[in-house]
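The values are calculated or read from the model by the stated rules, or taken from the named source; none is laboratory data. Every value quoted in this text rests on a predicted model; they were computed, and no experiment measured them. Note that we place each Cβ from the backbone using ideal geometry, even for glycine, and neighbour counts take in every protein chain shown.
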Amino acid sequence: METYVDAIGEDTAATTTTAETAANKNKKKLKVMVAIDESKNSFDALEWAVDHLRVVISAEPETGQEGGLLTLLHVHPTYLQYIYPSGGTDSVPEPMRKAREESTTNLFTRALEICRGKMVKTETMILEGDPKEMICQAVEQTHVDLLVVGSRGLGMIKRAFLGSVSDYCAQHAKCPILIVRPPRETSTSNTKEHKSK
């Protein structure tokens, strides 16, 4: 049994027959954007998207059908707002720029390995600015069908003070958004923790 998302976004389950295969060629392949950073939660979101949305974003070579597209978006926060609060200079110091480039290369290498393993057509995008605002801006400019972000699992008080990228995107993104929560701890780790008390 395969699950497809049709053009209006409703999940439909179907067993594959000749008639249904022909009908499924008309199913829309989606443009999905996953916002990633160095956190485990953003990679949990990427893995969830690749595993659960693969049917609507991957190419199907045997049918000649063109696949959807997965865009990996990484936003560099503007360093200047932290270093020069009054906006003193426009240039990023060379050591910081090199470290940021190396970090981004490692980030995308890791993310692209996950996508290649599932044969998902992927593009990368790097922006600079406030991550919350830049993610929403990228969604609007690229006309994606779905935005996927991870959740850090902040409590209500921390979220109120620090702000949450996922909360902001849920309110402002111009497309549906899927927030992937951190995986639950397994019952064995809970049992060990319980016994140690």
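Okay, here's what the table says:
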read-out	value
Helices (runs of 4 or more DSSP H) contained in region 95-197 and holding at least 1 residues modelled with pLDDT under 95, of a type in the set (D, E, K, R) and within 15 Å of the chain's Cα centre (by Cα)	131-142, 165-172
Single residue of Val50, Val75, Val92, Val55 found to be of a type outside the set (Asp, Glu), at pLDDT 65 or above and assigned to a loop (DSSP other than H, G, I, E, B)	Val92
Region 163-174 residues that are of a type in the set (D, E, K, R), paired with ones that are surrounded by fewer than 16 Cβ atoms within 10 Å (Cβ to Cβ) (beta carbon under 8 Å, 6 or more apart)	Asp167/Arg159; Lys174/Glu140
Breaking point among (1) assigned to a helix (DSSP H, G or I); (2) at pLDDT 85 or above; (3) surrounded by 10 or more Cβ atoms within 10 Å (Cβ to Cβ), for Met33	(1)
Candidate set from region 16-30 (those that are surrounded by fewer than 11 Cβ atoms within 10 Å (Cβ to Cβ) and among the hydrophobic types (A, V, I, L, M, F, W, C)); member that is modelled with the lowest pLDDT	Ala19
